[in-house]
Amino acid sequence: MMKRGLIAGTLLLAGLAAAVLVRTLQMSYEPSGVNPVEPPRVDEAAAVDRLSAAVQIPTVSYQDSSDMNHEAFEGFVDFMERSYPRIHGRLERERVGRNGYTLLYRWAGRDTTQDPVMLMGHYDVVPVEEGTRQEWEHAPFGGERTNGYLWGRGTLDDKSGTLSAFEAVEYLLGTGYQPEQTVYLAAHHDEEIGGRRGAAEVAKLLKERDESLDFVVDEGMPVAEEILQGIESPLAMIGVAEKGSLTLRLEVVREGGHASMPPRQTAIGELASAVHELKENPMPAQFGDLLQRTFEPISAELPFVYRMGLSNLWLFGPLIKRRLAQVPHTNAAMRTTIAPTIFRAGMKTNVLPAHAEATINFRIHPQDSVEAVVDHVRSTIDNPTVEVHRLDGAREASFVSDLDKQAYQQLKRSIWETFGEIPVAPSMFVAATDSRHFHDLTRDIYRFRPIRARPSDRTRLHGTDERIRIDNYLEMIHFQIRLLRNTTS
Ligand SMILES: [Zn+2]
């Protein structure tokens, strides 16, 4: 009896091992067969000059709108007019919003019955943090060029993205190209402070005109280099979904008193327990369809054990989830995150405060909703003394864009034609873009900039020494031309 059980068990294990192995070996990435396309003959020096000039216009978005440098924004609008004469001669331009700093262009297509496509970007930038100006190797608004780099605010986020699309359209107009579908180009002016006067106004305008868009391309994820040890090829990541956001304030009001005779429960103690409970009980993680597709293109290059795990999620799913949850960015791609950002209570060493409050920011995964998060918070804390208040500005996560759509395939093709055959992975974008104002206008938003980014570049974005490789900027223009040709011919 013992022996029969042992044999059955061994056979079962052997069968399991064989199944795991077969699935692991089957996992491979089909080559696309797309060849790189010769870069177009754009006047490269002039294009780089224009990006440099754009960086020198300090279009900074401040939280307090009274700090706004109107001269800079008006100057940028003039700069665009001077820099792109064909666009300004041939496309319809509208100045949108109260000051008209956001620019919307319409390039009429040959077939106006089709839904238009939209390329958007923003030309405002974040301020240079107080006291860090001296740390910059090159002036943040200097637009200087050294060692193959162009330096300054906006070189990564997002003047390069915005201008590269304008360069592409200007170039295509010069070749006599006319798109099949109508193309909208948008240069937003307040993305860094939420886009309410820029992108939101453009979206409102288009809705009033009953417009619906075939797809939108906005800033987002990069061409990541050096992602994992042992993986040589860069990885182009396309943000096909974007997380939502919610901020809650937890508040405990209790009788205060002298610190010499504390009651069993204090305001600080109860609030601290509530925050602790939330940390210990995060929203559930899912290694869902999107995350599987993120890993798919690089799976063939991963070490055998990873490949084995990823190709056998039916067996190793929970293990993989645990591993990915330990890394902040993969954790954020799997679940709604919980981040306590402000904690306030007490003012004197010997007084028990009567009031304690904590502010908590949630980034909502598309598998959850604002309501679901609030329910989770209430039931996890499970203490009526802790009041839960919703702060303004909550927004649901986006939909996940269609990966089988023609436009997505053409986006991939455009990447391969520019960079050669590198893996392309659809991904969750964990920050926010202006495209969030367009959820009612389209079902397909692709958040991508072909900016080559290494892990060490992460601090340059919104940080010190923001810069872009000049040859990479030329690749961005090349990519935009391929994208327009591939999607609108
Ligand atoms: Zn940006």
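The values are calculated or read from the model by the stated rules, or taken from the named source; none is laboratory data. Quick caveat, the model's predicted, so the values are computed rather than measured. Positions of Cβ are backbone-derived with ideal geometry, glycine not excepted, and every protein chain shown enters the neighbour counts. Only protein heavy atoms, including side chains, enter the accessible area calculation; ligands, DNA and RNA are left aside. Shrake-Rupley method; radii C 1.70, N 1.55, O 1.52, S 1.80 Å.
Sorted largest first, the principal axis extents computed over the alpha-carbon atoms of region 130-215 equal 50, 36, 16 Å.
Residues THR266, THR433 ordered from highest to lowest accessible area at a 1.4 Å probe: THR266, THR433. With K and R counted +1 and D and E -1, the other residues having a Cβ less than 10 Å from that of THR337 yield a net charge of +3. For region 53-63, the Karplus equation 6.51 cos²θ - 1.76 cosθ + 1.60, evaluated at θ = phi - 60°, returns couplings of 5, 5, 5, 6, 8, x, 7, 8, 8, 9, 4 Hz by residue, with Gly and Pro reported as x. Using heavy atoms of the protein chains and a probe of 1.4 Å, the accessible area assigned to ASP440 is about 120 Å². When each of the peptides 219-228, 476-485 is scored by how many other beta carbons lie within 10 Å of its residues on average, the order from highest to lowest is 476-485, 219-228. Between rounded, prolate and oblate, where does region 403-479 land on the alpha carbon gyration tensor, with a ≥ b ≥ c its root eigenvalues, rounded for a/c under 1.5, else prolate if a/b exceeds b/c? Verdict is oblate for region 403-479. Taking Cβ atoms as reference points and 15 Å as the exclusive limit, the residues near GLU71 contribute a net charge of -4, counting Lys and Arg as +1 and Asp and Glu as -1. Taking all protein chains into account, the per residue accessible area for the chain stands at 48 Å² (1.4 Å probe). Evaluated at q = 0.16, 0.19, 0.21 Å⁻¹, a Debye calculation over the C-alpha positions of region 293-368 (equal weights, vacuum) places log10 I(q)/I(0) at -0.73, -0.89, -1.00. In the chain, taking the dipole from charged Cβ atoms about the Cα centre, the farthest positive-side position among ASN312, TYR123, VAL275 is held by ASN312. With the simple model of a label 7 Å out from the Cα in the direction of the Cβ, THR385 to ASN147 spans 5.8 nm. Partner lysines whose Cα lies under 21 Å from the Cα of LYS279, excluding those fewer than 8 positions away in the same chain, are identified as LYS243, LYS321. Normalised by residue number, the volume inside the convex hull of the Cα atoms of the chain is 203 Å³ per residue. The residue list LEU205, ALA236, GLN181 was ranked by how far each Cα lies along the charge dipole of region 139-262 toward its positive end, using unit charges on Cβ atoms, and LEU205 comes out on top. Within the shell defined by Cβ-Cβ distances under 11 Å, the residues around SER83 carry a net charge of -2, with Lys and Arg each +1 and Asp and Glu each -1. When the chain is described by a simple charge dipole with +1 on each Lys and Arg Cβ and -1 on each Asp and Glu Cβ, the residue from GLY220, PRO328, PHE429 located farthest towards its positive end is PRO328.
Charges were assigned to the Cβ only: +1 to each Lys and Arg, -1 to each Asp and Glu. The resulting dipole of the chain about its Cα centre is roughly 1480 debye. Rg of the Cα atoms in region 244-390, relative to 2.2 N^0.38 Å, amounts to 1.36. Heavy-atom surface analysis with a 1.4 Å probe gives the chain a carbon and sulfur content of 50 percent of its accessible area. Which shape class applies to region 167-247: rounded if a/c is under 1.5, otherwise prolate when a/b exceeds b/c and oblate if not, where a ≥ b ≥ c are the square roots of the Cα gyration tensor eigenvalues? Verdict is oblate for region 167-247. Our summary gives the chain a relative contact order of 25 percent, counting only alpha carbon pairs under 8 angstrom and 6 or more residues apart. Taking 0.36 nm per residue of separation and subtracting the Cα-Cα distance, full extension of the segment from SER65 to ASN281 would add 73.9 nm.
Assuming charge only on the beta carbon of Lys and Arg (+1) and of Asp and Glu (-1), the dipole of region 251-303 about its Cα centre is about 220 debye to the nearest 20. Of the trypsin sites (Lys or Arg not before Pro) found in region 34-122, those in coil by DSSP whose Cβ has at most 16 other Cβ atoms within 10 Å are ARG41, ARG98, ARG110. Estimated from helical segments only, the mean residue ellipticity of the chain at 222 nm is -11500 deg cm²/dmol, where each DSSP H run of four or more residues counts as -39500 (n - 2.57). Charge dipole (Cα centre; +1 on Lys/Arg Cβ, -1 on Asp/Glu Cβ; no other charges) of region 260-407 amounts to roughly 460 debye.
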